[in-house]
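Only the coordinates and a few stated rules stand behind these numbers; no lab work does. What you are looking at is a predicted structure, and each value in this text was computed from that prediction instead of being measured. Using ideal geometry, Cβ is built from the backbone for each residue, glycine included, and neighbour counts are taken over all protein chains shown.
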Amino acid sequence: MNLNRRQFSLALAATAVAPFATSAQEPKFNVNVTGDGSKPIPISLSGFTGEVASALRFDLEVAGCAVVSPEQAVVLVHGSNGAKLEGYVSDRQKNYLLTKAYTGANPRQLAHAFADDVIFALTRTRGIAQSRVTFKGKAPGGTGEVFIADYDGHNAFAVTRDNAIVASPSWGPGSEWLAYTSYKLNNPDIFSHNLTTGERHIVARYGGSNLSPAVSPGGRLVAMVLSKGGKPDLYVADIRGRGLQQLTNAREGVSSPCWSPDGQSICYVSSEDGPARLYRVSAMGGTPQRIATTGVYNATEPDWSPDGKWIAFTTQRGEFDICIVPAAGGEVQTLVAGQDPTWAPNSRTIMFSKRGRGGPMSLSLLDVPTKRVKDVPLNLGNCSQPAWAR
């Protein structure tokens, strides 16, 4: 089959998904993360059955596609599954962009691999279907444990068995270990946890609270909030808790640190000037600077996008809302009701927690450009404080 990419690009351009550049060699969407009215990519999905079909639909819809009839679709995603998965992506003129076979894993894993290849073929951006998240899960009447699951909620398992309050899990590099707070020793202490060996080390166990560990992108440092000095302040140390350095000395306490993707700065929350606001400070120390959130006067739970462009955060104006703001500060965009935002590796998708009417907290996925939301199917009671492996 001959690949006519120019014709395929022109067909995709007719969908007005978002501004993008095309050439005779490579079709490429330039997806804008700002939620400026971009439309989903209309695709059809045919030939797949059972778990593969449902997993593919979930993955592609989360990634910004809308599954429609073949007559309405601009992109045709088709194939078959059995002993192996065969997948194809073409336009309606049968110009093929992707043809590939997948073996050597279970059906769901094969579907995720194909979905990621579909998204890369269409957008030249990394897919997220094979990624994982960590979060706090709490069964009714329980205290909560740290869990890990596939991003779509499948294959969930408990990392801890502390039978104690846990909070704020954060990934280390390579998704090989976590840092989190646990009351296992009858005090809110910070632990590191090797996911291969199960080995745990105490990172911070000072008098008072030891909270909100955030691992730097390189994995060398952990930012955390300690009240060892009498009030909560921001500190950094290495993963064993050595070389502790205090970064803030705020009149009011600080909370919720997160790292810039280059590891040079830390964003955090402080009520230094009244309502909770976002600040940034160098990881080496220095004078903190406020990050302007124009239109919003209460900003908490920040998370810095992996591409460095955006900070997602929670605000409360009657209810909790997820917002984004340029990393340098500026006009805020309110996206959806919810809290605890965490960016996916693609800097396009956000996972967050929300509370149903009278029900427990649950996790959902937001495609930022289209503002479409899909719920994550979990049956673990209250689920909150997600963090995406990157």
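Loop only per DSSP, at most 11 neighbouring Cβ atoms within 10 Å: give me the trypsin sites (Lys or Arg not before Pro) in the range 230-337, ordered by residue number.
Numbers: sites: R240, R242, R251, R277, R280, R290, K309, R317; in loops: R240, R242, R251, K309.
Hits after loop and neighbour filter: R240, R242, R251.
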Legend entry - 18 Å Cα-Cα reach of K184 towards aspartates and glutamates, excluding residues that sit fewer than 8 places from it in its own chain: E145, D162, E199
Legend entry - For the range 316-390 versus the range 144-191, the gap between their alpha-carbon centres in whole angstrom: 19
Legend entry - Nitroxide proxy distance, nm - points 7 Å out along Cα→Cβ at A292 and K84: 5.7
Inset, instruction - Report the full-extension gain for the segment Q264 to E331: residue separation times 0.36 nm, less the Cα-Cα distance, to one decimal in nm. - result: 21.8 nm
Legend entry - Bridge type composition, the chain - antiparallel percent by DSSP, nearest 5: 90
Legend entry - Residue order, fewest to most surrounding Cβ atoms within 10 angstrom, among T125, T287: T287, T125
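Using R₀ = 30 Å, calculate the FRET efficiency as 1/(1 + (r/R₀)^6) where r is the Cβ-Cβ separation of M284 and R205; round to 0.05.
On the way: r = 25 Å, r/R0 = 0.83.
Step by step, r from the Cβ atoms, then E = 0.75.
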Legend entry - Neighbour-count order for M284, M351, fewest beta carbons within 10 angstrom listed first: M284, M351
Legend entry - Between 0 and 90°, nearest 10: helix 50-62 axis offset from the chain longest Cα axis: 70
Legend entry - Long-range amide H partners of V336 with built H, under 5 Å: I322
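Let me have the 222 nm mean residue ellipticity of the chain computed from DSSP H runs of 4+ only, each contributing -39500 (n - 2.57), with the sum over all residues rounded to the nearest 500.
On the way: 3 runs with 39 residues, N = 390.
Calculated from helices alone, the mean residue ellipticity at 222 nm is -3000 deg cm²/dmol.
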Inset, instruction - May I ask for the angle, rounded to the nearest 10°, between helix 107-123 and the longest principal axis of the chain, with both axes built from Cα atoms and the value confined to 0 to 90°? - result: 80
Inset, instruction - Return the subset of K228/K374; K231/K354; K84/K136 for which the Cα-Cα distance in this structure is over 32 Å, preserving the input order. - result: K228/K374; K84/K136
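First measure r as the distance between the Cβ atoms of K100 and D375, then evaluate 1/(1 + (r/R0)^6) with R0 = 25 Å and state the FRET efficiency to the nearest 0.05.
Working: r = 30 Å, r/R0 = 1.19.
The value I calculate is 0.25.
Expressed as a rounded percentage, what relative contact order does the chain have, with Cα pairs under 8 Å and six or more residues apart? Write out the running numbers ahead of the final one.
Numbers: 1047 pairs, mean separation 45.7, N = 390.
Reported as a whole number, the value is 12 percent.
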Inset, instruction - Express in whole angstrom the spacing between the alpha-carbon centres of the range 195-231 and the range 47-79. - result: 42
